[in-house]
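Colleague: Have a look at this one.
The values are calculated or read from the model by the stated rules, or taken from the named source; none is laboratory data. Computed from a predicted structure; not experimentally measured. Glycine gets a Cβ as well: all are built from the backbone with ideal geometry, and neighbour counts include every protein chain shown. Ligands, DNA and RNA are excluded from the accessible area calculation, which covers all protein heavy atoms including side chains. Shrake-Rupley method; radii C 1.70, N 1.55, O 1.52, S 1.80 Å.
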Amino acid sequence: KKMGRNTAHIYNQNDVLSKELQASMEWARTIHQAVADDNLILHFQPIYHIASKQIAYYEALVRLELDDKIIMPGEFIPALEREGDMNLLDRQVISKAITYLADYPQLTQVAINLSAQGFSDERLLPFIEEKLLEYQVNANRIIFELTESASLSNISATQVIIEKLSNLGCAFSIDDFGTGFSTFTYLKQLPAQSVKIDGSFIVDLANNSVDLALVKAIYEVANALDKKTVAEFVENEQVLNILADIGVTYAQGYHLGKPQAVDTLFE
Ligand code: C2E
Ligand code: MG
Ligand code: MG
Ligand code: MG
C-alpha cells in the first residue's frame with residue numbers, strides 16, 4: 001500500500017508478511033487439507049485409577065499423518081490458534097473420537113481436549129449433539145479437557161456451555177492446572193469434575209520439594225471443592241507412589257502407557 005494504488009508488487013523475503021505468519025498460513029492450509037483427506041489421526045493414552053491400578057479412561061491426542069511421518073500437535077496447534085482455525089481441528093477430533101467410541105466398547109471413556117476457540121464456537125454444542133445421536137454414543141463416555149485459558153477468557157459464557165454439555169451427560173476437567181492465572185477463583189466457579197495437575201509439577205516430584213508442596217496444595221483445594229485430581233507426566237514408580245500417598249485419584253504418563261493408535265491398544 002505504501003507504494004501507492006494500482007501498482008502490482010511481487011513479494012520477496014524483505015516483505016512485511018513475516019516468515020512466521022507465512023508458516024502459520026501454510027499450517028492452516030495443511031490442516032484444512034488433512035481434514036478433507038482424513039489425515040488427522042487420534043492416539044489414545046490410558047489414564048489409571050491409582051488405588052485400583054486399573055485403566056479408568058483414555059485421553060485422545062491428535063496427530064497429523066503427512067507423507068508417512070507423524071507430526072505432533074505442538075508443531076501445528078500454535079499456528080492454527082494464530083489463524084483462528086482451532087474450531088476446525090476440535091470438531092474433527094470430536095467427530096473421530098465419537099466414531100471410535102462407537103466402534104470400541106473397550107474405550108470406556110475418552111477425554112477430548114478443547115481449545116478456547118473451539119469452545120467459544122456456538123456451533124459446538126449442536127455439533128456434539130448431532131454426532132452423539134448419529135453414532136448412538138452415550139454422552140457420559142466423554143470428558144472435555146479445557147485449559148484454564150480456554151475456560152477463563154469469559155467465565156460466565158463458559159459456565160453456560162459447560163452446564164449445557166453437562167446436561168447432556170459430558171464431564172469436564174481443567175487441564176494443565178497451575179500454569180494459568182487466578183486459578184483458585186475459577187476452580188471454585190467452574191462446574192468441572194476433575195482437575196488435571198500440570199505435568200511440569202509432576203515430572204520431578206520425587207526430587208523437588210517445592211513441586212511436592214504445590215501438588216499437595218492443589219490436591220487439598222480440589223478435594224475441598226469435591227473435585228477429583230489427575231496427574232499427567234508420571235514417568236516413574238516413585239512419583240506414582242508419592243501421588244498415591246497424597247491421595248491423587250488418577251495418573252497418566254509414559255510410565256503407565258504411551259499414547260498409541262487404538263488398534264495397537266486393543267490388539
Ligand atoms: P495435554 O492435553 O496436556 O496432553 C498431554 C501431553 O503430554 C501429550 O502431548 C502427551 O503425549 C504428553 N505426555 C503424556 N505422558 C507424558 C509423560 O510421561 N511425559 C511427558 N513429558 N509428556 C507426556 P501431545 O500429544 O504432544 O499434545 C500436546 C498438547 O497439544 C496437549 O497437551 C493439548 O494441549 C494439545 N492437544 C493434543 N491433542 C489435541 C486435540 O485433539 N485438540 C486440542 N484442542 N488440543 C490438543
Ligand atoms: Mg489434555
Ligand atoms: Mg494436560
Ligand atoms: Mg500439559
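Colleague: Starting from the stretch 177-199, take each residue that is within 14 Å of ligand 2 (Cβ to nearest atom) and list its partners that are basic (Lys, Arg), counting only C-beta distances under 8 angstrom and pairs at least six apart or across chains.
Modeller: Phe177/Lys196; Ala192/Lys227; Ser194/Lys227; Ser194/Lys228; Val195/Lys227; Val195/Lys228
Colleague: For the structure I just gave you, tell me whether Ala217 is more than 16 Å from ligand 4 (Cβ to nearest atom), open to solvent by 70 Å² or more (accessible area, probe 1.4 Å) and more than 16 Å from the chain's Cα centre (by Cα).
Modeller: Spelling it out, it is not the case that Ala217 is more than 16 Å from ligand 4 (Cβ to nearest atom), open to solvent by 70 Å² or more (accessible area, probe 1.4 Å) and more than 16 Å from the chain's Cα centre (by Cα).
Colleague: Hey, does the stretch 251-259 have a residue that's more than 16 Å from ligand 2 (Cβ to nearest atom) and either closer than 29 Å to Met72 by Cβ or of a type in the set (D, E, K, R) (or both)?
Modeller: yes
Colleague: Please identify the pairs in which a residue from the stretch 85-99 that is aliphatic (A, V, I, L, M) has its Cβ atom under 6 Å from the Cβ atom of a residue that is in a helix (DSSP H, G or I) and buried (at least 22 other Cβ atoms within 10 Å of the Cβ), counting only partners at least 6 apart or on another chain.
Modeller: Sorted first by the residue in the stretch 85-99, then by its partner, the pairs are Met86/Leu80; Met86/Gly118; Leu89/Leu80.
Colleague: For the stretch 26-93, which strands (runs of 3 or more DSSP E) that fit wholly inside it have 3 or more residues that are within 16 Å of ligand 3 (Cβ to nearest atom) and of a type in the set (A, V, I, L, M)?
Modeller: Of the strands (runs of 3 or more DSSP E) lying wholly inside the stretch 26-93, those with at least 3 residues that are within 16 Å of ligand 3 (Cβ to nearest atom) and of a type in the set (A, V, I, L, M) span 54-66.
Colleague: Being assigned to a helix (DSSP H, G or I) and within 14 Å of ligand 2 (Cβ to nearest atom) is the filter; apply it to the stretch 97-148 and report the residue that is farthest from Asp263 (Cα to Cα).
Modeller: This residue is Glu148.
Colleague: Of all the residues that make up the stretch 100-121, how many are of a type outside the set (A, V, I, L, M, F, W, C) and more than 19 Å from the chain's Cα centre (by Cα)?
Modeller: Summing the residues that are of a type outside the set (A, V, I, L, M, F, W, C) and more than 19 Å from the chain's Cα centre (by Cα) in the stretch 100-121 gives 4.
Colleague: Take residues that are under 22 Å from Pro46 (Cα atoms) and at pLDDT 95 or above and tell me which of the helices (runs of 4 or more DSSP H) falling wholly in the stretch 164-264 contain 1 or more.
Modeller: Fully inside the stretch 164-264 and qualifying: 209-224, 237-246.
Colleague: Under the condition of being closer than 15 Å to Phe119 by Cβ and out of contact with any strand residue (DSSP E or B) (no Cβ under 6 Å at 6 or more places or on another chain), which residue from the stretch 169-190 is surrounded by the most Cβ atoms within 10 Å (Cβ to Cβ)?
Modeller: In this case the residue turns out to be Leu190.
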